[in-house]
Amino acid sequence: NEIFYFNTKHTNSINWYKVLFPSIFTKKIRGLIGKKTLTCEATGSYILDPHAPKRIKKIMPDVKFVVMLRNPIDRTLSNYKRRIRNTREKRAVEEVIEYELNNFKKEFQEYQKDENAIALYPFSSYLARSRYAEYIENWLRYFPKERFLFINSNDYFKDPLKEYNRILEFLGLASHHP
């Protein structure tokens, strides 16, 4: 589930975050019966937030990340279409692209200035959200590349079991063979 703790909810206490996961007691009990407990979170917008890696590093320095990347053009158009469907966007695609090209840099600088901001990535970011290298570079300042597994969404949809097993291996879990 998307929790948003390290971007929009980072002002909540760490206990607010921890209560969403199995307790130490639960982990110990599971360990006694031979079961491993792995906790995961899936908040996709963290990767976009320039402050999230620093916040995560402070609390979980040894965390691993699975990052699924999509063809940037497909991702951009899908984001636009979803926002149209959800009535969060009313402008033509040409208008949003032009707006972003003219305004994103300024909006992002404002967003980046305030490390304590409680906001999501600027909404005028259809193109920026697809410039993966820019924000991955920021994350690599805080975590070594060995902590990341990058998955190509096309590969995942072509052979989900193969990619799922890559994820399991990366996380140190047994492979799955149905």
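Remark: spin-label model distance ASN165-SER23 equals 3.9 nm, labels positioned 7 Å along the Cα→Cβ axis.
Centre-to-centre separation between the Cα atoms of region 38-104 and those of region 138-178: 19 Å.
Phi angles across region 135-151 convert, under the Karplus curve 6.51 cos²θ - 1.76 cosθ + 1.60 with θ = phi - 60°, into 3J(HN,Hα) values of 8, 5, 4, 4, 5, 6, 6, 10, 10, x, 4, 5, 7, 10, 10, 9, 10 Hz, Gly and Pro given as x. For region 3-69, a/c is not less than 1.5, where a ≥ b ≥ c are the root eigenvalues of the C-alpha gyration tensor, and a/b tops b/c. That puts it in the prolate class.
Averaged per residue, region 75-178 has 69 square angstrom of accessible surface, using a 1.4 angstrom probe with ligands and nucleic acids left out. The slack between ILE59 and LYS35, meaning 0.36 nm per residue of separation minus the straight C-alpha distance, is 6.2 nm. Using θ = phi - 60° in the Karplus curve 6.51 cos²θ - 1.76 cosθ + 1.60, the 3J(HN,Hα) couplings for region 103-111 round to 10, 4, 4, 5, 4, 5, 4, 5, 4 Hz; x is entered for Gly and Pro. Backbone amide hydrogens, once placed in the peptide plane, bring ILE151 within less than 5 Å of VAL67, MET68, LEU69, excluding anything fewer than 5 places away on its chain. Placing a label point 7 Å from the Cα of PHE148 along the Cα-to-Cβ line, the residues of region 69-105 whose backbone N sits under 12 Å from it are 69. GNM on the chain, alpha-carbon springs under 10 angstrom: the most fluctuating residue among LEU48, LEU149, LEU20 is LEU20. Within the full protein context, the accessible area of TYR80 is estimated at about 30 Å² for a probe radius of 1.4 Å. Pairs over the 23 Å Cα-Cα cut-off, from the set LYS18/LYS54; LYS36/LYS64; LYS81/LYS113: LYS81/LYS113. If you plug the beta carbon distance of SER45 and HIS176 into 1/(1 + (r/R0)^6) with R0 = 35 Å, you get a FRET efficiency near 0.80. What do you get for trypsin sites (Lys or Arg not before Pro) in region 132-176 restricted to DSSP loop and a cutoff of at most 14 other Cβ within 10 Å of the site's Cβ? Those that pass, being in a loop and sparsely packed, are ARG141. What's the angle, to the nearest 10 degrees (0 to 90), between helix 160-170's Cα axis and the longest principal axis of the chain? It is inclined by approximately 60 degrees. In order along region 62-78, the phi-based Karplus estimate (6.51 cos²θ - 1.76 cosθ + 1.60, θ = phi - 60°) of 3J(HN,Hα) comes to 9, 5, 10, 10, 10, 10, 9, 10, 10, 3, x, 5, 4, 5, 4, 5, 5 Hz; Gly and Pro are listed as x.
The calculated 222 nm mean residue ellipticity attributable to helices in the chain amounts to -13500 deg cm²/dmol, summing -39500 (n - 2.57) over DSSP H runs of n ≥ 4 and dividing by all residues. Solvent-accessible surface (1.4 Å probe) assigned to LEU101 amounts to roughly 130 Å².
In the chain, excluding the sites themselves, the longest stretch lacking any of the GluC sites (Glu not before Pro) that are in a DSSP loop with at most 12 other Cβ atoms within 10 Å is 3-114. Considering the chain at the alpha-carbon level, its Rg and Dmax are found to be 18.5, 59 Å.
The values are calculated or read from the model by the stated rules, or taken from the named source; none is laboratory data. Just so it is clear, the structure is predicted and the values come from calculations on it, not from any experiment. Here the Cβ is made from the backbone with ideal geometry for all residues, glycine too, and neighbour counts use every protein chain on show. For accessibility, only protein heavy atoms count, side chains too; no ligands or nucleic acids. Shrake-Rupley method; radii C 1.70, N 1.55, O 1.52, S 1.80 Å.
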